[in-house]
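Novice: Provided herewith is a single structure, encoded as structure tokens, for subsequent inquiry.
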2 protein chains.
Amino acid sequence: MSALSSQEPSPKRRIGAEKSETRALIVDVTEQVIREEGYAAASTRRVALRAGLNPSLVHYYFPSTDDLLLAVFERGAAQSDAMIAAALASNEPVRALWQFFRDDSRTALSVEFIALAIRRPAIREQISAHASAMRAQQIALFERVLGERLAQATGCSPAGLSVILAGVGRALFMEAALGVTSGHDEAIQCVEKWLDALIPSP
Amino acid sequence: MSALSSQEPSPKRRIGAEKSETRALIVDVTEQVIREEGYAAASTRRVALRAGLNPSLVHYYFPSTDDLLLAVFERGAAQSDAMIAAALASNEPVRALWQFFRDDSRTALSVEFIALAIRRPAIREQISAHASAMRAQQIALFERVLGERLAQATGCSPAGLSVILAGVGRALFMEAALGVTSGHDEAIQCVEKWLDALIPSP
DNA sequence: CGCAATGCTGAACACCAGTTCAACTAACCT
DNA sequence: AGGTTAGTTGAACTGGTGTTCAGCATTGCG
């Protein structure tokens with residue numbers, strides 16, 4: 001509920017070291033819990049239990065639950081950033097980005113954090129800022145690689161393409177998790193035909 | 001946790017009437033809570049509090065929380081079915097369906113129930129069955145209205161189109177809830193250009 | 001009028017949650 | 001060796017949750 005986090009406003013309260021092994025373990029286990037049971041199941045006590053740790057120890061490294069969730073998010077966001085940077089540097093940037101959107105493991109976390117951000121004001125700003133930054137990077141990528149060809153061939157702008165590909169990727173993931181896969185192969189085929197038409201084959 | 005619901009396996013336990021006003025109020029309030037605070041906040045006690053009712057009364061009408069959530073889902077699903085039927089009967093069925101996908105109020109519930117279904121085995125089957133049925137209806141609609149033109153113009157199948165439009169609609173909603181809207185207008189424009197090219201204007 | 005059904009309440013049980021705090025232990029630095 | 005520091009624990013407080021159940025009140029029906 002508190003708006004302040006990750007700061008040291010209180011005079012005395014001790015906080016565990018940033019580079020502790022235990023701290024890393026806690027972040028690992030929390031990410032695993034979020035993946036398997038959803039963000040709502042990621043309570044400090046549950047994490048402690050699954051990590052074989054004392055609940056208080058979790059709060060020694062992460063004073064509040066929001067601090068813990070934020071740490072998991074930041075690590076995941078850094079990984080996403082690296083994947084997008086790699087896509088940008090590859091010789092097939094657009095297709096690499098499309099593979100990024102289709103990465104289930106990444107999308108799983110991403111979807112959980114969107115849901116989380118919508119319900120947790122303390123975390124929301126960071127997540128939405130990162131989402132905006134990713135979007136901007138993707139737009140730049142499409143502009144650089146596809147240029148005018150995109151608008152001419154499809155009437156789409158780079159920004160529109162980014163929203164659509166991200167949306168399709170998330171839809172494929174969420175529906176598959178639900179157990180619904182009808183139309184998925186066809187949607188993938190459709191997008192890839194689209195990309196084929198846009199990109200000169202090497 | 002119990003696999004059986006909505007049945008009367010126990011010999012004596014009383015359950016409130018299906019057509020009770022109080023019951024309808026409970027369903028109303030639950031839907032509202034889900035919309036405003038997410039499915040995870042839809043506890044029977046919280047619903048009772050917001051409805052000004054005794055917690056036990058909620059369990060009088062809905063023995064388990066899953067029963068309550070299922071009732072909300074079923075009402076929402078029926079409304080979705082009606083909207084799709086209306087789209088099918090309209091003189092612009094494809095555009096009506098696209099508007100359905102862009103309906104924030106409907107999508108909000110839909111997204112919550114997908115998330116819910118992924119985590120609650122007792123409810124999952126009904127939700128995934130309904131999602132599959134909606135998909136089938138949409139595919140039939142696209143086949144009937146667009147026929148061969150769709151594949152010729154875009155290389156997409158009706159099933160692929162259904163997945164993509166649903167996905168874009170959900171993405172627009174989720175990102176907007178997060179506070180990210182960059183590229184949204186462009187994505188909408190892109191889809192509508194696409195539909196314009198597919199459908200002969202009257 | 002009495003009686004059964006229906007709507008509703010209060011209390012209780014067992015659980016899980018976040019968070020705090022004082023105190024224990026081990027390591028390390030000088 | 002002595003003292004500071006970091007890691008760790010146990011217990012406690014507060015509050016939310018699902019669920020049950022016996023019993024109250026009211027209504028309507030025979």
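Novice: Quick check on residue B:143: is it of a type outside the set (A, V, I, L, M, F, W, C) and in contact with a helix residue (DSSP H, G or I) (Cβ under 6 Å, 6 or more places away or on another chain)?
Specialist: On the way: of a type outside the set (A, V, I, L, M, F, W, C): yes; in contact with a helix residue (DSSP H, G or I) (Cβ under 6 Å, 6 or more places away or on another chain): yes.
Answer is yes for this residue.
Novice: Need pairs with beta-carbon distance below 6 Å; first residue within 16 Å of residue A:162 (Cα to Cα) and within the stretch B:179-202, second polar (S, T, N, Q) and crowded, with 18+ Cβ neighbours inside 10 Å; sequence gap 6+ or separate chains.
Specialist: Within 6 Å, the pairs are B:180/A:128; B:183/A:162; B:186/A:157.
Residue-by-condition table, conditions (1) within 14 Å of DNA strand D (Cβ to nearest atom); (2) of a type in the set (D, E, K, R); (3) at pLDDT 95 or above; (4) surrounded by fewer than 15 Cβ atoms within 10 Å (Cβ to Cβ):
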{"residue": "A:36", "(1), (2), (3), (4)": "no, yes, yes, yes"}
{"residue": "A:54", "(1), (2), (3), (4)": "yes, no, yes, yes"}
{"residue": "A:58", "(1), (2), (3), (4)": "yes, no, yes, no"}
{"residue": "A:68", "(1), (2), (3), (4)": "no, no, yes, no"}
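Novice: Quick one: in the stretch A:12-27, which of the residues that are within 17 Å of residue A:55 (Cβ to Cβ), within 14 Å of DNA strand C (Cβ to nearest atom) and outside any loop (DSSP other than H, G, I, E, B) is farthest from the other protein chains (Cβ to nearest Cβ)?
Specialist: If we take residues in the stretch A:12-27 being within 17 Å of residue A:55 (Cβ to Cβ), within 14 Å of DNA strand C (Cβ to nearest atom) and outside any loop (DSSP other than H, G, I, E, B), then A:22 is farthest from the other protein chains (Cβ to nearest Cβ).
Novice: Now a separate question. Being assigned to a helix (DSSP H, G or I), farther than 15 Å from residue B:126 by Cβ and touching a residue at least 24 places away in the same chain (Cβ under 8 Å) is the requirement here; does residue B:79 meet it?
Specialist: On the way: assigned to a helix (DSSP H, G or I): yes; farther than 15 Å from residue B:126 by Cβ: yes; touching a residue at least 24 places away in the same chain (Cβ under 8 Å): yes.
The answer is yes for residue B:79.
Novice: Of these, A:96, A:24, A:42, which one is away from DNA strand D (no atom under 13 Å from the Cβ), under 20 Å from the mean Cα position of the chain (by Cα), modelled with pLDDT of 95 or more and not assigned by TED's automatic domain parsing to the domain that holds residue A:144?
Specialist: Values: A:96 fails: not assigned by TED's automatic domain parsing to the domain that holds residue A:144; A:24 fails: away from DNA strand D (no atom under 13 Å from the Cβ).
None of the others qualify; the one that does is A:42.
The values are calculated or read from the model by the stated rules, or taken from the named source; none is laboratory data. Here the structure is a predicted model, which means the values were calculated and not measured. All Cβ positions, glycine included, derive from the backbone under ideal geometry; neighbour counts span all protein chains shown.
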